[in-house]
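Visitor: Supplied in structure tokens, the structure appears directly below.
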Amino acid sequence: MSTLTPQANAVAVVLAGVTVFGLSLLVRHLIRRRREFDVSPWSATLSYVATAYGIVVGFWILFLFGLFADARQAVGDEATSIGTAFEEVALFTEGGPDVQRALICYAAAVSDYEWPALQRGMSATEVDLAYREIITALGEIDEPFPSTLAPAAATNIFVQVGNISTARETRLVAAQTVTPALMWALLLGGGLLVTVLIFIVTLKSAPVTQAVQVSLTAVFTAVMIALVAGLTNPFVPGAGRVTPSLIDQTRATMEDAGPSLHGCAFDLADPS
């Protein structure tokens, strides 16, 4: 469900409501001649189940929202750190261009290799190689001139490179977080139970009124399930998803101002 488009999700939610509405009318028609029974004991059960269901599902949605927001922020931080390191390393004429090329390679690897991997909850080996290339290139730079500026610039470059790694780890955590099977069982089974209990406690209502109440419950439950499914992986294609666009923009700027992109570590690595 997480890969459905917003239009498809909307259709699925509407279909759930219409289906439950029809089933409610059908079941009410089938039991219309049955002896009426007291629904008041079921009200207490509904109150407990609905409260517990709302708390657990609400907590999980907030947790996934936090991961989603962290992933989006991480992409911005990663792009900023890449661009800042690229600009500052230009101060170093000996080895600086190699670091710049490595940063371009890293940005390319994130967009071209890691993003498809993130959609499968995985990381990309090409990005690991590109990051190691940055570290290797940093170890070969020399001070541009005897100045108090050089040590400060070198220190900040290493800080920015460390920030790149931290931002990437945040992305990977968000991509590798899955909704447990027990949570899915609670989402689906609990939602069905709440809907059935709503049907029971509204038996004294008019059939159409009851069907509307039950179908609205089903629609709201379906929306929450779709929300959990959509937030589970923030990197799949679709509207409002996390994309590497900021990193792509930074990459384009670096390519315009820096060395050409060739001989990246992941291109030189043995495919076997």
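Visitor: From the square roots a ≥ b ≥ c of the eigenvalues of the alpha-carbon gyration tensor of the chain, which class results: rounded (a/c under 1.5), prolate (a/b over b/c), or oblate?
Guide: In terms of gyration-tensor shape, prolate.
Visitor: As a test of the definition: which semi-axes, in Å, follow for region 9-145 when you take the square root of five times each eigenvalue of its alpha carbon gyration tensor? Largest first, please.
Guide: In descending order the semi-axes read 61, 17, 11 Å.
Visitor: Using a 1.4 Å probe and ignoring any ligands, DNA or RNA, find the accessible area of S165 and quote it in Å² to the nearest 10.
Guide: 40 Å²
Visitor: Just to verify a number: what accessible area does F68 come out at with the full protein assembly present, 1.4 Å probe, Å² rounded to tens?
Guide: Looks like 30 Å² after rounding.
Visitor: Another question, if that's okay. With labels modelled as points extended 7 Å from the Cα through the Cβ direction, what inter-label distance (nm, one decimal) is found for V178 paired with Q7?
Guide: 3.1 nm
Visitor: Then there's this: Want the number for V223 to I135: 0.36 nm per residue separation, take away the alpha-carbon distance, what's left?
Guide: Residue separation times 0.36 nm, minus the Cα-Cα distance, leaves 27.1 nm.
Visitor: Same structure, new question: Quick one: angle between helix 125-138 and the longest Cα principal axis of the chain, in degrees between 0 and 90, rounded to 10, please.
Guide: 30 degrees
Visitor: Something else now. When the dipole is taken about the Cα centre of region 97-214, and only Lys, Arg (+1) and Asp, Glu (-1) are charged at their Cβ, what size is it in debye, to the nearest 20?
Guide: With Lys and Arg at +1 and Asp and Glu at -1, about 940 debye.
Visitor: On to the next question. Give the angle, between 0 and 90 degrees and rounded to the nearest 10, that separates the Cα long axis of helix 6-30 from the longest principal axis of the Cα atoms of the chain.
Guide: It works out to around 10 degrees.
Visitor: Still on this model: For the pair V39/V159, report the inter-label distance in nm, with labels modelled 7 Å from Cα in the Cβ direction.
Guide: In this crude label model, V39 to V159 measures out at 6.5 nm.
Visitor: Does anyone have the angle between helix 245-257 and the longest principal axis of the chain? Alpha-carbon axes, 0 to 90°, nearest 10?
Guide: 20 degrees
Visitor: Express in nm, to one decimal, how much length is gained between L216 and T125 on full extension, taking 0.36 nm for each residue of separation and deducting their alpha carbon distance.
Guide: Result: 28.1 nm gained on full extension.
Visitor: In whole angstrom, note down how far apart the Cα centers of region 183-254 and region 71-137 are.
Guide: 36 Å
Visitor: Which whole-number percentage describes the relative contact order of the chain, with Cα contacts under 8 Å and a sequence gap of 6 or more?
Guide: 39 percent
Visitor: On to the next question. So for Y131, Y48, Y106, what's the accessible-area order with a 1.4 Å probe, most first?
Guide: Ranked list, largest accessible area first: Y48, Y131, Y106.
Visitor: Separate question: Farthest toward the dipole's positive end in the chain, which of A130, Y113, T51, given Cβ charges of +1 (Lys, Arg) and -1 (Asp, Glu) about the Cα centre?
Guide: My answer, from the dipole projection, is T51.
Visitor: Here's a follow-up. What distance in nm lies between label points placed 7 Å from Cα along the C-beta direction at L15 and I200?
Guide: Between L15 and I200, the label points sit 2.9 nm apart.
Visitor: What part of the accessible area of the chain, given as a whole %, is carbon or sulfur when the probe is 1.4 angstrom?
Guide: Carbon with sulfur: 65 percent of the solvent-accessible area.
Visitor: Where nothing but the Cβ of Lys and Arg (+1) and of Asp and Glu (-1) is charged, how large is the charge dipole of the chain around its Cα centre, in debye to the nearest 20?
Guide: The calculated dipole for the chain is roughly 2780 debye.
Visitor: Between I31 and F65, what length in nm is gained on full extension when 0.36 nm per residue of separation is reduced by their alpha carbon distance?
Guide: Between I31 and F65, full extension yields an extra 8.0 nm.
Visitor: Once a ≥ b ≥ c are taken as the square roots of the eigenvalues of the Cα gyration tensor of region 86-242, is the result rounded (a/c under 1.5), prolate (a/b larger than b/c) or oblate (a/b not larger than b/c)?
Guide: Prolate is the answer for region 86-242, as a/c is 1.5 or above and a/b outweighs b/c.
The values are calculated or read from the model by the stated rules, or taken from the named source; none is laboratory data. Owing to the predicted nature of the structure, the values given are computational and were not obtained by experimental measurement. Every residue, glycine as well, gets a Cβ built from its backbone with ideal geometry; the counts of neighbours run over all protein chains shown. Calculation scope for accessible area: heavy atoms of the full protein, side chains included, ligands and nucleic acids excluded. Shrake-Rupley method; radii C 1.70, N 1.55, O 1.52, S 1.80 Å.
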